[in-house]
Structure formats: C-alpha cells, structure tokens
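**Student:** First the structure, which I've put down as structure tokens, then a few questions once you've had a look.
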Amino acid sequence: MDTIIILTITFLAALAIFLPKFGLMALMENTREKRQRELVEDALKYLLDKQYEGETSTRNSLGGALRLTQVQTNQLTRMMESQGLIDSKGSKLVFTTEGEQWAVQILRAHRLWEKYLAVEANMPLDRIHKEANRREHTSSPAQIDQIEADLGFPKFDPHGDPIPDRRGQISGSAKLSLTEWPMEQIAEVVEIEDEPTIAFQQIMASGIKLGMNIRLLNRDHHRLILSDGTQEYTLAPVIASNIMVSAPIHEPLPIELVPLNKLKNGEKAEVVQFDETVQGFTRRRFLDLGLTPGVLIYPELENFFREPRAYRVRGTLIALRDDQASRIIVKSIV
C-alpha cells in the first residue's frame, strides 16, 4: 500500500513538472522565452533611438543601456544576428531590413500605448513611459491597430514624438532644442523629452506644455527666460535642452476664443470646437457629456484642490480636469 502511495505521489510530481504546456518545466521555458523576446525588443528599440539621433550603436553602448554584462551582451547580439535582425560591422551594430521593421513596430506600440495611457487612462505623464514599456511587449499587431483606430489615428504621442503608421512611416517636422532657438522669435513647443525623469518633471511643474507658443527673452549660461505672452518661465539650460521647438505649426486662437479652463466662475461661454488632440474615446466622451458646438457652458463650483472643476452644461453639472477643459475651445458671452 505504501509503495502504491509513493508511486502515485512520484507520478503526480513528475506530471506537475514535465506536463507539456502546463508543467513547471514548460512554464519556466515560456518565461525564459518571454524574457528573451523582451530583451531583443528592448535592444531593437535602443538601436532605433540611436539611429534617429544620428549616433552609432556598439556592443558596449547596447550593454550599458540594457545593463548587461559583457558576456550577456555578446550572447544577445549573437542571437540577434542569427535571427537576421542585425549585422556587426566592426564594433558598430546595424539593422537588417527585417530588424528595422520590427523595431519600428515596437516603437509604434510604445507610443500608441503612451497616448492611450495619457488620454484615456488619465495616467500622469511621468508614469506612462514605464507602463508603456511593459505593455508594448504583450500587445498583438491587431490590438495595436485597434488602439490606433480608437484614438483617432494620432500623429504624435503625449511628448510630441511622431507615431509610426501601420506601414512604419514616420512624419515629422524640423525642430531644434529650445537652447538653440533664436532670441525673440516665436516658437511652438513640439516635443518634451520624457527622460531623464527629473528634467521632465521640472518642465511639467513649470507649466510649459506641448503646443504652447513661446518667445525666448533672455539666455545665458545659468538660465533661459521665456514668455507665452502672459507669463514668464525660467529654466536652467540643462532642463531647457529637453524641450524641442519649431516654427509655429498651428495658428493661434482668435482673441475672442479661449480654452474652457480660462473662464472665471460664473463666466458664461459657448462651445466652439475641440482642439485637434481630442480624438477617439475622449471625443466621444465629450460629446456624450453634451459638449457640442453652440452649447452654453460655465464654471459653477471651484474645487478646494483646484481640480476637477465643475461646469454647468445643459442643466447638469459635469466635472472636468484642467487638462481636459484646456482642450475645449469656447467663446465668452458678454
């Protein structure tokens, strides 16, 4: 009897370990393959970033970026070469056609997830990069296509970086770092780098946002002073270098039009339009709230913590965060 029990336990233990697909060994192998794929995709994305920056990628730079030992880096690059993703030319690592296509699709998934997390999940901008890094590895092409369609086929992510389309095409515009922009010339903020995190957080705290038109008033080795026409901002050069600007892309609003969040309590206005960043889920939500062109709206209650703020529309109070209200363009009614 004891022998039968021992044999049964041994059989069940072996089954738990070696069962195809669901056994411990199979689960460990799946985990190993998943980690290996994530590492390859992280490497491809790093190489693509360096290529866009016009810099050369090497084994040492790749290993440093991914925090790998020399042995791990050599194993990774050999595996990627065997898969036909990269070629080694001396110390330089270069894409094959297949490797570059894969890299662009990873970048597309990452930036679309960032857009979704910022616009639809209302996640703070300083947290979306890490979460998008996690999700980009587990998303199927069909899921990414659906997210793109639901968002209204956005051209740029929340930081102003262009999002590749399904064909891998990337649209962009000529841009310069704010530290290189000529004095007194109006520029539009078209990109805010999200790394290093501390620099990104300082820019967000300053109130500078994508799409803002600014003018550089003063610049020296210690600070830059700029203005949006109503407010001045002061930044250290090392922080300002993370802000990319170009000649104004969008026409400024006519003087009679303002973002909804600029209204004072009780000041009545008429909804005119949404700005072009309002797409997909967000656009449908605004319309479901009754925010259609011509409707009367006004702020009625001030939150002690500033936001969300309550607005009266069609006889109902609705709550909007400041970043949401800033994308609804209204005309004040005197």
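**Student:** Given a Förster distance of 51 Å, report the FRET efficiency between residue 78 and residue 236 from their Cβ-Cβ distance, rounded to the nearest 0.05.
**Tutor:** On the way: r = 43 Å, r/R0 = 0.84.
Once rounded, the FRET efficiency stands at 0.75.
**Student:** State whether segment 42-190 is rounded, prolate or oblate according to the following rule on the C-alpha gyration tensor (a ≥ b ≥ c being the square roots of its eigenvalues): a/c under 1.5 gives rounded; otherwise a/b larger than b/c gives prolate, and the remaining case gives oblate. Intermediate values should be presented prior to the final figure.
**Tutor:** Working: a/c = 1.90, a/b = 1.32, b/c = 1.44.
Since a/c reaches 1.5 but b/c is at least a/b, the shape of segment 42-190 is classed as oblate.
**Student:** Could you tell me, in Å, what Rg and Dmax come out for the Cα atoms of segment 176-246?
**Tutor:** Answer for segment 176-246, Rg first and Dmax second: 10.6, 29 Å.
**Student:** Something else now. Kindly provide the Kirkwood hydrodynamic radius of segment 176-294 in Å, to one decimal, from all pairs of distinct alpha carbon atoms. Don't jump to the answer; show the numbers that get you there.
**Tutor:** Numbers: mean 1/r = 0.0619 Å⁻¹.
16.1 Å is the Kirkwood radius here.
**Student:** Quick check: net charge around residue 195, other residues with Cβ under 12 Å of its Cβ, Lys/Arg +1 and Asp/Glu -1? Walk me through the numbers on the way to the answer.
**Tutor:** On the way: positive: 130; negative: 49, 126, 161, 193, 194.
With Lys, Arg at +1 and Asp, Glu at -1, the neighbours total -4.
**Student:** While we're on this one: How large is log10 I(q)/I(0) at q = 0.16, 0.24 Å⁻¹ when the Debye formula is applied to the Cα atoms of segment 257-332, each weighted equally and without solvent?
**Tutor:** Per q value, in the given order, log10 I(q)/I(0) is -0.48, -1.15.
**Student:** Under a Cβ-Cβ cut-off of 13 Å, what is the net charge of the residues other than residue 44 that fall near it, where Lys and Arg count +1 and Asp and Glu count -1?
**Tutor:** Working: positive: 37, 45, 50, 108; negative: 38, 41, 42, 49, 81, 98, 100, 136.
Local net charge: -4.
**Student:** In square nanometres, what is the average projected area of the Cα convex hull of segment 123-163?
**Tutor:** Numbers: hull surface 12.4 nm².
Averaging across all directions leaves 3.1 nm² for the Cα convex hull.
**Student:** For a test of the definition: using alpha carbon positions, the gyration tensor, and the 1.5 limit on a/c, classify the chain as rounded, prolate or oblate. Present the calculation step by step, with values, prior to reporting the outcome.
**Tutor:** Working: a/c = 2.62, a/b = 1.55, b/c = 1.69.
Oblate, because a/c is 1.5 or more while a/b does not exceed b/c.
**Student:** Using helices alone, I'd like the mean residue ellipticity at 222 nm for the chain: each DSSP H run of four-plus residues gives -39500 (n - 2.57), total over residue count, nearest 500. Please list the in-between numbers first.
**Tutor:** Values: 11 runs with 139 residues, N = 334.
When only DSSP H runs of four or more count, the value is -13000 deg cm²/dmol.
Taken together, the values in this text are just the output of simple stated rules run on the coordinates, not laboratory data. Everything numeric here is computed off the predicted structure, so don't read it as measured data. Quick reminder, even Gly has a Cβ in these numbers, built from the backbone with ideal geometry, and neighbours come from all protein chains shown.
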